[in-house]
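Since the structure comes first, as structure tokens, the remarks are kept for the end.
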Amino acid sequence: MDESDIKITATGLKYTAYDVKLSLAIENNSSQDLSFCSGTLGYNCNSVNGYMVDDGYLNADIAAGKKSNETVSFSVDELTLLGFSDIADIELGFSITDAKYKDYLLTGPRQLKTSIADGYSYETDTYRQAITNNVLDGTFGFTLNHDSEEVVFDQKGIRVVSQTLVTNSSEEQVLLVEVENTASDMVYMSVGNVSMNGLGVQSGTWSTDWISAEKRRIITMNLSNMLDGSYRTAFGLENIGQITYTLEPKGSPPHKDNNKIIVQSTARGRQPIYLRLPPSCT
């Protein structure tokens, strides 16, 4: 990018055994001292190959008229879970503020293409391919408890296209929810109000994430963090037969009203989204 007296140039891409490092040269040609942030809780619209990622963290203070060489990193573990063996493009967004923490510039996602981008198939759901190819158990040592590709939510461009329940190496149960934004605008997604077998174990917001237009995000819900294992027996939750939660898309159009959207998989009533588990995995 090169605008508003700010210039950001990608200068190198390096692959290691543990992460992918993107080198950046950031020039602050303005008359103000500025702070540059990317991949933070407050502003993260970073993606790789069409999937939103939590990595790409940057927090740099650059004085007026100065230049700084910075590096952002992407975990190989996260990229492997998303099914990537190559990188076709990286999108980064920057929140730039002045010394009084007032917004100077919100860049939105800026795309960097690699040499394979023109021949890359963005239509392929590489995450689902990774699940099918047993990446979870083979690479991460997770136990796959249940996997569903039933579309349980499909409204206003937001689709929940798969839900996968796993047990990680720490014996924690984790629900992975694949959400697709087919709309033309970025959406701020809030997930929460989680119940197990009809009993509420978490109220309010569990997580909030940006999902850019035409992108996917894997939302992670650690169920073991919501209810300590010592209480599961007391509440009859040794075996989980159903998990419910709510989605709340916010932000830019088409969700101008910011109203909570809570819809069951049949889309006929206003009930929580659910994942019903077969007896074999409870």
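The values are calculated or read from the model by the stated rules, or taken from the named source; none is laboratory data. No experiment lies behind these values; they were computed from the predicted model shown. Note that each Cβ is placed from the backbone with ideal geometry, even for glycine, and that neighbours are counted across all protein chains shown.
Screening Asp98, Asp89 for residues that are within 21 Å of Trp210 (Cα to Cα) and at pLDDT 95 or above leaves exactly one candidate, Asp89.
Every test in (1) out of contact with any Gly (no Cβ under 9 Å at 6 or more places or on another chain); (2) farther than 22 Å from Pro109 by Cα; (3) at pLDDT 65 or above is passed by Ile262 save one, and that test is (3). Looking across segment 45-59, the residues that are hydrophobic (A, V, I, L, M, F, W, C) and in contact with a Cys (Cβ under 8 Å, 6 or more places away or on another chain) come down to Met52, Leu58.
Residues that are under 16 Å from Leu92 (Cα atoms) and of a type in the set (A, V, I, L, M) within segment 5-50 comprise Ile6, Ile8, Ala10, Leu13, Val20, Leu22, Leu24, Ala25, Ile26, Leu41, Val48, listed in sequence order. The residues of segment 68-96 that are under 16 Å from Glu3 (Cβ atoms) and assigned to a strand (DSSP E or B), listed by number, are Leu92, Ser95, Ile96. Among the candidates Gln173, Gln202, Gln163, which residue alone is assigned by TED's automatic domain parsing to the domain that holds Leu227, over 25 Å from Phe84 (Cα atoms) and out of contact with any Lys or Arg (no Cβ under 8 Å at 6 or more places or on another chain)? That would be Gln202, the only listed residue that is assigned by TED's automatic domain parsing to the domain that holds Leu227, over 25 Å from Phe84 (Cα atoms) and out of contact with any Lys or Arg (no Cβ under 8 Å at 6 or more places or on another chain).
The lone criterion from (1) at pLDDT 95 or above; (2) within 21 Å of Glu214 (Cα to Cα); (3) in contact with a Ser or Thr (Cβ under 7 Å, 6 or more places away or on another chain) left unmet by Leu106 is number (1).
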